[in-house]
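Colleague: Encoded as structure tokens, here's the structure I'll be asking about.
The values are calculated or read from the model by the stated rules, or taken from the named source; none is laboratory data. These numbers were taken from a predicted model, which means no experiment stands behind them. Every residue, glycine among them, receives a Cβ derived from its backbone with ideal geometry; neighbour counts consider all protein chains shown.
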Amino acid sequence: MTMDDATLAQNRAADPGTSTWLGANAGSGKTRVLTDRVARLLLDGVPPERILCLTYTKAAAMEMQNRLFSRLGEWAMKDDGDLRGALGQIGVPAERLNPDLLNNARTLFARSIEAPGGLKIQTIHSFCASVLRRFPLEARVSPAFTEIDERVQARLLTDLLDEMAETEDGRTALDFIASHLSGDDDAVTLARAVAGRAEALTPPWGWDAICDFTGIDPGLSEAQICAQVIVGGEADLATTIMAKLDTSKSTQASFHANLSAVNWALPTLADLFALEKMFLFQSGERQFQPKIDGIANKAVRDGIGEAMDDANALMERIADARPLRTGLLTARRTHALHQFAATFLPAYAHAKEARGWLDFDDLIDKTRALLSDSKVAQWVLFRLDGGIDHILVDEAQDTAPRQWDIVQRLAEDFAAGDGARMDVARTIFVVGDKKQSIYSFQGADPREFDHMRSHFEARLAEIKAPFQDAALIHSFRSAAPILALVDRVAAGLGAPGLGDAIEHKAFFGAKPGRVDLWPAIPKTEGSDRPAWDDPQDLVSEDHHSSILARTLSAQIGDMLDKPPMIDVGGEMRALTAGDILILVRSRSPLFHKIIAELKNADLPVAGVDRSQLTSPLAVKDLMALCRFLATPEDDLSLACVLRSPLCGLSEAQLYDLAHGRPGFLWSAMRARSDEFADAFTILTDLRDQAEFLRPYDLLERALIRHDGRRRLIARLGPEAEDAVDAMLAQALAYEGADVPSLTGFVGWLDSGDVQVKRDLSQATGQIRVMTVHGAKGLESPVVILPDCAQRQGGGFGTKLLHLEPGPLAWPPAAGDETDVIRDALEARKMHEAEETNRLLYVALTRAETWLIVAASGGLGKSDDGSWYKIVADAMEGMGAAPLTVPGLEETGLRLQTGDWPEGAKPDGKVSARTALPAWATTQPATPAKDKPARAPSDLGGAKALPGVGDDTATALQRGRITHLLLEHLPRLPEPAWPAAAPGIAALEATDITEDNLAPMLAEATTVLTTPALRPLFTDTSLAEVEVTGHSPTLQADLFGKIDRLIITDTHVTAIDFKTNASVPAKPEDTPEGLLRQMGAYAEMLQPIYPDHEISTAILWSRTACTSATSWRSDFISRVTPLPWLAAPRKVGTI
């Protein structure tokens, strides 16, 4: 079998017998090498549980595991010939391909599945968590610890700062930092930064040590520094200078205003800073040196005359005092940081320990401490060594130094040859690409990649273990023009941050490729960001970002209407929407504008890849629902719910309901419930359940039972589903951390920044728009980079500097830094610029076939390094052809190889799913009923014996109150009946008098105390039982309520209370209407209890006696022949 150079390089790197340090270009197949190496280790007989593979993300771990099991599963099903070919393709020598090895290969899938603990393919944090759970006592953590995310951590930090403010020590610590907090440095942000740098702040530095580092005397005061500058006569000198300034000129007017603002009598450090800006150079080689004889222009200086010498002397004193001023400010700020940390860090550690919580930093730090503790480290390593023979590290360029410490400790013993098992060959495999190290904000340092390579190479050389430093330079992803541009860009940059000798080779050299540079859209006038108090924060339609977004949308529309043929996986086909990936540097207004324009053009777009939980409309609607259910008087929240897909009211309906209402919106809704039946039913049910269900259960009820999930997704698109799921996950997290309540849950969501992440790699047939960081590891046939103009602003948040060998410093404001701080900030700025170059490399190498680069706004100067200018310079040097882009005036550039014929436009289907038949989406018609539902008490016939009684209204009220007393009094002890009776009667008539109630209470008391009737009112009988059913006799549905129902193993007895004034002397004299009612009850009960004997009876409350009725003989014989049953009538119309 002959192999190409790229495959041979992959197979050499996958050799399981050699420790390997592999540098892999983007698209060079490193995941395949990892998978091949693990497969070959298994093939060599290494137990699955003795392999540890550390990946950077959970998604990467899942991807690798899926690939590995897919390969092993294929091996299990191949015949001998195909299996030999597959094993030979990954580098297994031909002489080893015997029947035993083939049979062994077929068993690997089952062995890996059944391995104790499974294959260890996990992130470094997951591995650390498993180690800590295995050795909790040695690591001094709770065996049942919980890993908390950034959301829970932020809430804990906020609560902890509030608690600190209530104690004397805590207030003192907060007072230290209070005067230094401003802008991006708020208390919670600083607390998070301190928590992340706990090791550098433990123990905290004292004032004297900090002053010694900054080069000032610990006793130096602000007054002493000012006295060194202001020695007397400066006020007069300032007056002389100001008198000679020409305030009609802007520069001299500004100088005059600043000089006049100095408080010469009681100067402060702020006054000295103002003097520095006026009398010292602020940039260049002479930065912070005095402007000797450099005030204003020659005319001013000549006018000052001899006083110029005094001015020069003042400048010298200002320059000499500057190191003292900046040193004091830096010392004060850094000391405040350390004093705050001295109180905050122990409190934070105690709060987490009390809750059994560990954050992500704790997982790393406590594992490091465990593996470094001289008392237990050797024993822990022995136990771990007994389970790990081979370590593989993926995305090593993004591994932070603290994480490298763990890898180093794990591999130290077997790299030195003295691990738990001396007879086993043990290896380490590390793969990464320094050019793709873009996560410095998470602690990654690409320099560690080379440092650790040298370390392990030396250690393995000591025991003469094989080690190879290899590289993969062939790209299986990108076409030749794209790779040529990448190499040219790296060369033009001088490769800062990318490394040396950058080289890429296209594996598919003949693959058609294209690189387009669109003409840059110039910055529009007045396009700066609006002021913070400007109520309009939207990007205007004539803003350069809007113009670019519209142009981009139009061009994509044309590309999809007349799609070119592109090479995807070795096959030529027409371009589709799912082939397009748009990458931006941040989720800026341009990001959202692009998505909006794509949606306006009715192009399939997958939406945002990440957003705040409370930002999506679906979550806003659900939060409004929670607020309303917690506080029904919240009219705004109710209006949001009504207008949302959950209830579906139109704008006109909401206006009609809300406008001119006399009270709360919910009261108006109840008054007009018939007009909004569906919405009212939903909200009423949820309100009834709000006091009894947890937030999660209540949301699930709204989403499932009331169809909220389907409605939200139908209106807002598939991205709403991720937001809804994230909100449900937060509801569960909240319930696990606090006593659940609706108001508490809403406050929980409002108080933290929860991110909703969507996996756009699974988006099918849709245009994806995401950040370059989010696209790491992805690829696409067409990649568009519209965000390549000059970057505005910098990062946000507190920036702490570790000044080796000094303390962790909190840099002061610009202009107040010491030379050491300024040099450290410049070094950090250089590292950030290098990472920006690496981010550009990642962006360029996501493209397979077609790369488009665009920009809008300012491009900066030549040395600012905007991505657009970098790419433009490279393409101009490559002989790119001119390119005209419709809608843009200027001319762009194009690099192209191969043929790009136009293909047929796809049929527009987003996916190949089979369309549902019409009947599956058609709402079935409600079956027509021949007759309306009937009530057993409404079947006609007389209800009372002939005679004189109460008038109808009085009789009905008396009957209902007596029924209520007979329903509720049996639950109470007899002595409490007189006191409870008025409250029970008030359920029917609030104005009934004691005299009117007395006969009813006496009647009920007689019934309840009659010995023969007591069995009717025990706990075994059921009160007020609603029954529904179909009456074959009447050919109609019936619905009624039985006053008392007694059920035994063989009998069912239904009793109805009657308060008639005239009681029949014998059952046969029972009025016709009552017999029909009891017969109806019996007929409804018979199908429910087919094996029971059904009996019915009437309890006459006036005489406290019962009369049995025979529904078979009376109801059937009396009711069936009557002709009026065919046409139901109301009572009294017979």
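Colleague: Would you mind stating whether residue 827 is at negative phi and touching a Ser or Thr at 6+ places or on another chain (Cβ under 9 Å)?
Modeller: No.
Colleague: I would also like to ask the following. Residues that are over 30 Å from residue 824 (Cα atoms) and outside the structural domain of residue 401 (by TED's automatic domain parsing), at least 2 per element: which helices (runs of 4 or more DSSP H) completely within the range 160-271 meet that?
Modeller: Counting at least 2 such residues, we get 168-178, 234-243, 250-260.
Colleague: Based on this model, can you work out whether residue 696 counts as out of contact with any Leu (no Cβ under 7 Å at 6 or more places or on another chain), among the aromatic types (Phe, Trp, Tyr), on the phi < 0 side of the Ramachandran plot and in contact (Cβ under 8 Å) with a residue 24 or more places away in the chain?
Modeller: So residue 696 does not fit the description; no.
Colleague: Also, I was wondering about something else. Just give me the residues in the range 275-289 being crowded, with 17+ Cβ neighbours inside 10 Å and closer than 19 Å to residue 822 by Cα, in sequence order.
Modeller: Scanning the range 275-289 gives 276, 280, 288.
Colleague: Given 139, 178, which one is at pLDDT 90 or above and in contact with a Lys or Arg (Cβ under 6 Å, 6 or more places away or on another chain)?
Modeller: 139
Colleague: Out of the residues in the range 491-512 meeting the condition of being at pLDDT 85 or above and touching a His at 6+ places or on another chain (Cβ under 9 Å), tell me which one is nearest to residue 872 (Cα to Cα).
Modeller: Across the range 491-512, the extreme among qualifying residues is 504.
Colleague: Here is a follow-up. Restricting to the range 135-157, what's the tally of residues that are touching a helix residue (DSSP H, G or I) at 6+ places or on another chain (Cβ under 6 Å) and among the small types (Gly, Ala, Ser)?
Modeller: Residues in the range 135-157 being touching a helix residue (DSSP H, G or I) at 6+ places or on another chain (Cβ under 6 Å) and among the small types (Gly, Ala, Ser): 1 in total.
Colleague: Right, here's the next one. Among the candidates 291, 298, which residue alone is in the same structural domain as residue 252 (by TED's automatic domain parsing) and either among the aliphatic types (A, V, I, L, M) or free of Cβ contacts under 8 Å to residues at least 12 places away in the same chain (or both)?
Modeller: Exactly one residue qualifies, and that residue is 298.
Colleague: Output the helices (runs of 4 or more DSSP H) that fall wholly within the range 941-1030 and possess 2 or more residues being among the basic types (Lys, Arg), or say none.
Modeller: It comes to 952-968.
Per-residue answers, yes or no, for (1) closer than 24 Å to residue 104 by Cβ; (2) among the aliphatic types (A, V, I, L, M); (3) in contact with a strand residue (DSSP E or B) (Cβ under 6 Å, 6 or more places away or on another chain):
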position	(1), (2), (3)
11	yes, no, no
16	yes, no, no
27	no, no, yes
33	yes, yes, no
54	no, yes, yes
63	no, no, no
68	yes, yes, no
72	yes, yes, no
77	yes, yes, no
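Colleague: With 160, 132, 201, 137 as the choices, which residue is over 30 Å from the mean Cα position of the chain (by Cα) and buried (at least 17 other Cβ atoms within 10 Å of the Cβ)?
Modeller: 201
Colleague: Condition first: acidic (Asp, Glu), under 30 Å from residue 483 (Cα atoms) and either modelled with pLDDT of 85 or more or outside any loop (DSSP other than H, G, I, E, B) (or both). Can you find one or more residues in the range 897-918 that meet it?
Modeller: Yes; the residues of the range 897-918 include at least one that is acidic (Asp, Glu), under 30 Å from residue 483 (Cα atoms) and either modelled with pLDDT of 85 or more or outside any loop (DSSP other than H, G, I, E, B) (or both).
Residue-wise test of (1) in contact with a Lys or Arg (Cβ under 8 Å, 6 or more places away or on another chain); (2) modelled with pLDDT of 85 or more; (3) farther than 22 Å from residue 1016 by Cα.
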{"site": "947", "(1), (2), (3)": "no, no, yes"}
{"site": "950", "(1), (2), (3)": "yes, no, yes"}
{"site": "970", "(1), (2), (3)": "no, yes, no"}
{"site": "982", "(1), (2), (3)": "no, yes, yes"}
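Colleague: If you take just the helices (runs of 4 or more DSSP H) that sit entirely in the range 293-377, which of them hold at least 1 residues that are more than 30 Å from residue 124 (Cβ to Cβ) and among the charged types (D, E, K, R)?
Modeller: 298-304, 307-355
Colleague: Which of (1) under 13 Å from residue 784 (Cβ atoms); (2) out of contact with any strand residue (DSSP E or B) (no Cβ under 6 Å at 6 or more places or on another chain); (3) buried (at least 21 other Cβ atoms within 10 Å of the Cβ) does residue 593 not meet, given it meets every other one?
Modeller: With (1) under 13 Å from residue 784 (Cβ atoms); (2) out of contact with any strand residue (DSSP E or B) (no Cβ under 6 Å at 6 or more places or on another chain); (3) buried (at least 21 other Cβ atoms within 10 Å of the Cβ) applied to residue 593, the lone miss is (1).
Colleague: How many of the residues making up the range 225-235 are surrounded by 12 or more Cβ atoms within 10 Å (Cβ to Cβ) and farther than 14 Å from residue 271 by Cα?
Modeller: 1
Colleague: Just one of 152, 188, 131 is out of contact with any Asp or Glu (no Cβ under 9 Å at 6 or more places or on another chain), modelled with pLDDT under 90 and not small (Gly, Ala, Ser); which is it?
Modeller: Testing whether each residue is out of contact with any Asp or Glu (no Cβ under 9 Å at 6 or more places or on another chain), modelled with pLDDT under 90 and not small (Gly, Ala, Ser) leaves just 188.
Colleague: So, of the residues in the range 656-674 that are surrounded by 12 or more Cβ atoms within 10 Å (Cβ to Cβ) and out of contact with any helix residue (DSSP H, G or I) (no Cβ under 8 Å at 6 or more places or on another chain), which turns out to be farthest from residue 704 (Cα to Cα)?
Modeller: Residue satisfying both the conditions and the ranking: 656.
Residue-wise test of (1) more than 27 Å from residue 1026 (Cβ to Cβ); (2) crowded, with 16+ Cβ neighbours inside 10 Å; (3) not acidic (Asp, Glu).
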residue: 940; (1), (2), (3): no, yes, yes
residue: 961; (1), (2), (3): no, yes, yes
residue: 964; (1), (2), (3): no, yes, yes
residue: 969; (1), (2), (3): no, yes, yes
residue: 976; (1), (2), (3): yes, no, yes
residue: 981; (1), (2), (3): no, yes, yes
residue: 986; (1), (2), (3): no, no, yes
residue: 991; (1), (2), (3): yes, no, no
residue: 994; (1), (2), (3): yes, no, no
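Colleague: Considering only residues that are in a helix (DSSP H, G or I) and without any contact (Cβ under 8 Å) to a residue 60 or more places away in the chain, look in the range 837-884 and name the one that is nearest to residue 549 (Cα to Cα).
Modeller: 869
Colleague: Return the residue satisfying two criteria in turn: it lies in the range 598-645 and is crowded, with 21+ Cβ neighbours inside 10 Å and either of a type in the set (Asp, Glu) or without any contact (Cβ under 8 Å) to a residue 12 or more places away in the chain (or both), and of such residues it is farthest from residue 581 (Cα to Cα).
Modeller: 621
Colleague: I'd like the full set of residues that are more than 17 Å from the chain's Cα centre (by Cα), in a loop (DSSP other than H, G, I, E, B) and aliphatic (A, V, I, L, M), limited to the range 591-618.
Modeller: Once the filter is applied, which keeps residues that are more than 17 Å from the chain's Cα centre (by Cα), in a loop (DSSP other than H, G, I, E, B) and aliphatic (A, V, I, L, M), the range 591-618 yields 601, 603.
Colleague: Let me ask you something else. Quickly run through the range 745-776 and pick out the residues that are of a type in the set (A, V, I, L, M, F, W, C), at pLDDT below 85 and in contact with a helix residue (DSSP H, G or I) (Cβ under 9 Å, 6 or more places away or on another chain).
Modeller: Of everything in the range 745-776, those that are of a type in the set (A, V, I, L, M, F, W, C), at pLDDT below 85 and in contact with a helix residue (DSSP H, G or I) (Cβ under 9 Å, 6 or more places away or on another chain) turn out to be 748, 749, 754, 756, 763.
Colleague: Quick one: what pairs do we get from the range 796-819, first residue under 20 Å from residue 832 (Cβ atoms) and in the same structural domain as residue 277 (by TED's automatic domain parsing), second at pLDDT below 90 and aliphatic (A, V, I, L, M), C-beta under 6 Å, 6+ apart or different chains?
Modeller: Partner pairs satisfying both residue conditions: none exist.
Colleague: Follow-up question, since we're still on this one. Which of the residues that make up the range 481-506 are surrounded by fewer than 21 Cβ atoms within 10 Å (Cβ to Cβ) and either of a type in the set (Ser, Thr, Tyr) or at negative phi (or both)?
Modeller: Answer for the range 481-506, where residues must be surrounded by fewer than 21 Cβ atoms within 10 Å (Cβ to Cβ) and either of a type in the set (Ser, Thr, Tyr) or at negative phi (or both): 484, 487, 488, 491, 492, 493, 496, 500, 502, 503, 505.
Colleague: Can you pull out every residue in the range 1011-1023 that is exposed (fewer than 14 other Cβ atoms within 10 Å of the Cβ) and more than 16 Å from residue 1048 (Cα to Cα)?
Modeller: Once the filter is applied, which keeps residues that are exposed (fewer than 14 other Cβ atoms within 10 Å of the Cβ) and more than 16 Å from residue 1048 (Cα to Cα), the range 1011-1023 yields 1011, 1012, 1014.
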